[in-house]
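Undergrad: Let me give you the structure first, and then I'll get to my questions.
Quick note: the coordinates plus some simple rules give every number you see, no bench work behind them. Just so it is clear, the structure is predicted and the values come from calculations on it, not from any experiment. So basically every Cβ, Gly included, is an ideal-geometry build from the backbone, and we count neighbours across all protein chains shown.
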Amino acid sequence: MKNAIQTPLTGRVITSLLSAAVLTGLLTACSHVPVRSVPALAAIDFETTQFNALRAAVEMPRFLVPEPDSVRLNVTLTIEGTIAEERSYVLREMAATHFANDLPNVEEDRHAFVYALSHTDQMGLDAIRRSVETAKANRQSGSLSLGIEVQDICTTETPNDGPLRVDVFLMTSETGRFIRTLDGFDLREVTPASFDESLPRC
């Protein structure tokens with residue numbers, strides 16, 4: 001299933017200083033970012049955050065599985081109204097068991113997947129960070145948006161009736177723990193009429 005989930009990472013608005021990330025890429029007509037998460041997310045600073053500490057987690061019903069190479073970090077840098085950088089980084093899966101103490105309690109009928117940036121992609125983000133620093137030094141205005149996207153999902157069995165709830169979490173060097181960025185998004189809100197037909201078997 002394509003373009004199932006897109007969730008923003010942070011909610012800090014950039015002015016002329018271009019100093020952090022702006023909330024963007026809202027899912028359908030409304031955002032599911034919990035209000036309680038905003039203070040922690042607003043503390044994330046793109047100029048100083050440690051990219052090797054960035055982790056994303058996706059929690060969903062146990063019979064749903066993100067397909068390989070389908071979880072991405074999307075980054076768009078806009079300077080003076082023009083897109084200067086637009087990148088999509090494939091996140092690599094890590095063993096979720098290593099983060100059992102960091103993730104919120106996962107219900108018995110659900111499971112979680114944890115992802116990180118590769119070393120090469122960390123260097124790619126370093127290059128974008130230098131572009132931000134240059135724009136800031138030149139007093140240019142702009143915005144930087146980051147979002148987690150799950151492009152493809154498969155199922156191990158016929159989905160049950162009712163909501164298919166997905167939660168997305170982010171951990172950075174500033175937060176030190178997983179912060180919920182998408183709260184209980186129902187996959188059937190995406191394409192409710194054809195969802196089951198479009199979902200491939202794993």
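Undergrad: Order these by the 10 Å Cβ neighbour count, fewest first: Thr48, Thr78.
TA: Exposure proxy ranking, most exposed first: Thr48, Thr78.
Undergrad: Let me ask something additional. Sort 39-45, 122-128 for me by packing, meaning the mean count of neighbouring Cβ atoms within 10 Å per residue, highest on top.
TA: Descending mean neighbour count gives 39-45, 122-128.
Undergrad: Hey, another quick one. Starting from the Cα of Arg139, step 7 Å along the direction of its Cβ; do the same at Glu86; then give the gap between the two resulting points in nm.
TA: Distance between the two pseudo-spin positions: 3.0 nm.
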